[in-house]
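Shown next, in structure tokens, is the structure this report addresses.
The values are calculated or read from the model by the stated rules, or taken from the named source; none is laboratory data. In this text the structure is predicted, and so the values were computed from the model without any measurement. Every residue, glycine as well, gets a Cβ built from its backbone with ideal geometry; the counts of neighbours run over all protein chains shown. These accessible areas exclude ligands, DNA and RNA; they are computed on the full protein's heavy atoms, side chains included. Shrake-Rupley method; radii C 1.70, N 1.55, O 1.52, S 1.80 Å.
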Amino acid sequence: MSEQTEQSDQTVPEEPVASPDAGVDAGGAGEPGHAADSDAGGGSDAGGVGDGGGDGGVGEAAGGGEERPEARLDRAVRAAEQALIEFEIAVETFRVEVENFSRLHHQKLGPMYSRLDELDALIAEARAARSGDPEDLRRAHEARALVMPMPGVDELFNDWLDSDGMSDDASAMLTERSVRPPERVRPSEEVRKLYRELVRKAHPDLAPDESERERRDAFIVRVNAAYGRGDEQALRELAEEWAAGPAPEAARPSESEELYARLEWLAARKELLAAVARELEDSAIGSMLRMAPEDPDRLLEEIAEQLLERVSERESELAELAG
């Protein structure tokens with residue numbers, strides 16, 4: 001990546017306390033431009049975890065006593081969070097540059113590319129008309145196909161759009177509603193019976209507190225959806241789920257477990273950002289940006305000059321063929 005992305009000053013430290021099941025690789029948070037080579041930056045240890053740096057050395061508290069492992073973990077998590085923030089800023093900065101360059105490239109250079117395609121088609125057609133060769137005719141046909149207008153929105157979406165926007169069937173595909181119409185207006189007697197029983201048991205007005213009301217609200221939404229589909233099996237499964245009661249709350253993890261989980265999340269987030277950075281770098285626009293890290297706007301001007309030169313050459317060639 002170019003130097004326009006902001007280099008992180010900090011790196012995500014390695015796990016300060018070995019844990020066979022934590023699986024944390026909180027690697028560095030270098031700039032996205034090096035993600036493909038260094039997995040988002042290898043970096044040095046933040047806070048000197050394991051080497052006595054940073055906060056006065058690991059294993060010693062301010063008064064000379066033994067430091068709690070949780071305190072070291074907490075410090076590592078805080079450093080990892082800051083390093084990840086810096087890396088996110090660098091990735092987002094580059095993403096904006098790629099997006100802006102792409103838009104300006106299309107806006108400023110798109111008409112020139114279109115003109116080149118049109119000239120190529122005209123030249124191929126002129127050659128085919130002059131020679132009558134089947135191969136020249138085929139090339140002319142292919143060149144003309146490249147400049148054919150794109151299909152309109154209505155063509156692309158067919159019946160997905162109506163006068164009010166998205167059609168009912170299209171909207172249904174993006175929601176829980178069935179695309180197909182129900183088999184009958186009124187669900188079967190068994191479905192209605194199951195539905196009434198469930199609503200009587202799970203109605204939100206029976207909730208003793210707000211959290212229970214929210215749980216019941218979400219459950220009744222599913223009940224109503226199943227009833228609307230006339231889905232007897234789904235209603236029976238919902239009845240069994242309600243009879244089983246709410247899932248028991250999981251035991252609260254210890255402080256160390258919470259910190260390890262946080263480090264694992266930060267490491268996973270770093271890997272995701274590194275993948276995004278690599279994708280941006282490997283894109284056509286990202287590759288173009290790397291050609292002019294200091295002045296990408298000047299790069300657009302240079303490309304425009306090259307395109308204008310090619311357009312002039314094509315026009316001269318076409319004029320010779322027409323003459």
*Report the full-extension gain for the segment Ser312 to Glu142: residue separation times 0.36 nm, less the Cα-Cα distance, to one decimal in nm.*
59.0 nm
*Apportionment of accessible area to carbon and sulfur, region 239-282, percent (1.4 Å)*: 55 percent
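Which FRET efficiency value, to the nearest 0.05, is calculated for Met291 and Arg213 with the Förster distance at 51 angstrom and r the Cβ-Cβ distance?
Working from the Cβ atoms, E equals 0.30.
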*Pair Arg130, Leu116: separation of 7 Å Cα→Cβ label points (nm)*: 2.2 nm
*Determine which lysines satisfy two conditions relative to Lys201: a Cα distance under 28 Å, and not lying fewer than 8 residues away in the same chain.*
Lys193
_Could you work out what % of the accessible surface of region 93-139 is carbon and sulfur, using a 1.4 angstrom probe and leaving DNA, RNA and ligands out of the count?_
52 percent
*Tabulate in residue order the Karplus-calculated ³J(HN,Hα) for region 280-293, using 6.51 cos²θ - 1.76 cosθ + 1.60 with θ = phi - 60°, rounded to whole Hz; enter x for Gly and Pro.*
5, 5, 7, 5, 4, 5, x, 5, 5, 4, 5, 6, 9, x
